[in-house]
Amino acid sequence: MTTSRRTLLAAALCTALAAATPWAQAADAPLIIMVGGINKIIYLPAKLTEALGYFKDEGLAVELQSQPAGVDAENQLIAGAVQGVVGFYDHTIDLQSKGKEIEAIAVFCKVPGEVEMVSTKAAPTFKSMADAKGKTLGVTGLGSSTEFLTRYLAARQGVASKDYSLLPVGAGNTFIAAIKQDRIQGGMTTEPTVSQLLKSGDAKVLVDLRTEQGTNAAIGGLYPAASLYVQNAWAASHPEQAGKLARAFARTMAYIHSHTAEQITELVPRDYYGSDKELYVQALKASLPMFTSDAKMPVGGPETVLKVLATYKPQVKGKNIDLSKTYTNAYLTARQP
């Protein structure tokens, strides 16, 4: 066989392997993790793990990318463009109902960390989710976790999906603008946007999912949310990398629980808090209780998430969801041989 023919056959084989395994990458290429809004406090463990050097300690090269809507990040994962996503655990259940197997290998938050805000202008006639009828509510994106939760909160108060409108407005400044311009009368967002709106007086808290107490009252149980999830097949074929990622994040969760909001803030990029560092610290203090201490899935959490999604998603309700395939704690303790 000639050298040129060998070269052509080798190239064809590489192409075939890449098609069969979309996440195939060069040995020295970094792992790409897409974050559903990298400056959101609920997803802080991603940047914090990088800043603390825990990825490097595990011998990993990791590139963090930001995508404001979780639904877009999950699409990148399914396409094989990224190896992992920092987003809401509920996507793993939703995707299983569509025939895709995704699993959370490190869980950051026991509760959503989300807040349903109501504009100050609409507040007099919008005092609970029971008043959502006829309103336009903001979500980060259609198909996002903010949509899942918004629909459930409304349904639990007897308001059908047809009785209100959802508008994808993103997060941060675009969410704030939508509130100020009255394009939405309420909407779901996270810190530090919540504290910014409260400080400016443009909105008030309607439903608070930043605490276990508030989440239990609104949803009826813990709702594990922010997490690192990957394709099950990727984790099975890359157990060493999956284990290193999970352990790096577990170290970060322990760090969060042993340091103050002020200490943690010193590690984040300045553009996370801009000119109001004090407000960021305040928002972070309000958020610290929602984080897990060990990156493990909280007991009973997956069942609550399944209950929420099955309430209004016929595709989830009609499927026999295997929760054991949507998360695992195994990589948190796994050690390389």
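Details
- Highest-MSF residue in the chain out of Ala236, Ala177, Ala154 [GNM, Cα springs under 10 Å]: Ala236
- With K and R counted +1 and D and E -1, the other residues having a Cβ less than 12 Å from that of Thr174 yield a net charge of +2.
- Rolling a 1.4 Å probe across the protein heavy atoms gives the chain an accessible surface of 42 Å² per residue.
- Positive-end extreme of charge dipole, the chain - chosen from Ala242, Gly59, Thr328 (charges on Cβ): Thr328
- For the chain, the mean residue ellipticity at 222 nm estimated from helices alone is -12000 deg cm²/dmol, where every DSSP H run of n ≥ 4 contributes -39500 (n - 2.57) and the total is divided by all residues, rounded to the nearest 500.
- Ratio Rg/Rh, restricted to the range 115-270 and using Cα atoms, in which Rh is the Kirkwood radius: 1.04
- Radius of gyration and Dmax over the Cα atoms of the range 210-310, both given in Å: 16.2, 45
- Distance in nm between pseudo-label sites at Lys127 and Gln76 (7 Å out along the Cβ direction from Cα): 4.4
- Of Thr292, Thr326, Thr265, the one that fluctuates the most in a GNM where the chain has Cα springs shorter than 10 Å: Thr265
- The range 37-177: relative contact order in percent, alpha carbon pairs under 8 Å with at least 6 residues between: 22
- Percent RCO, i.e. relative contact order, over the chain, from Cα pairs under 8 Å lying at least 6 residues apart: 26
- As a fraction of the 1.4 Å probe accessible area of the chain, surface on carbon and sulfur atoms comes out at 52 percent.
- The range 167-252 - Debye-derived log10 I(q)/I(0), Cα point model, q = 0.14, 0.17, 0.21, 0.22 Å⁻¹: -0.72, -0.86, -0.98, -1.01
- Directionally averaged shadow of the range 89-144, computed from the convex hull of its alpha-carbon atoms, nm²: 5.7
- Judged by the gyration tensor of its Cα atoms, with axes a ≥ b ≥ c, the range 120-170 is oblate; a/c meets the 1.5 cut and b/c is at least as large as a/b.
- Between Ser200 and Ala236, the FRET efficiency from the beta-carbon distance, with R0 = 35 Å, is close to 0.15.
- The amide H of Leu166, built 1.01 Å from its N in the peptide plane, has Leu137 as neighbours under 5 Å, considering only residues 5 or more places off or on other chains.
- 20 Å-binned pair-distance histogram of the chain (Cα, whole percent): 32, 55, 12, 1, 0
- Backbone phi angles across the range 246-257, fed through the Karplus curve with coefficients 6.51, -1.76 and 1.60 (θ = phi - 60°), yield HN-Hα couplings of 4, 5, 4, 5, 4, 4, 5, 5, 5, 4, 4, 7 Hz in residue order; Gly and Pro are listed as x.
- Cross-link pairs Lys121/Lys307; Lys135/Lys317; Lys199/Lys285; Lys127/Lys180 - those with Cα-Cα distance over 22 Å: Lys121/Lys307; Lys135/Lys317
- Chain lengthening between Ala160 and Gln263 when straightened (0.36 nm per residue, less Cα-Cα): 32.6 nm
The values are calculated or read from the model by the stated rules, or taken from the named source; none is laboratory data. Because the structure is a prediction, the values reported are computed rather than measured. For neighbour counting, all protein chains shown are included, and Cβ atoms are generated from backbone atoms with ideal geometry for every residue, glycine included. Just so you know, the surface numbers come from the protein's heavy atoms only, side chains and all, with ligands and any DNA or RNA stripped out. Shrake-Rupley method; radii C 1.70, N 1.55, O 1.52, S 1.80 Å.
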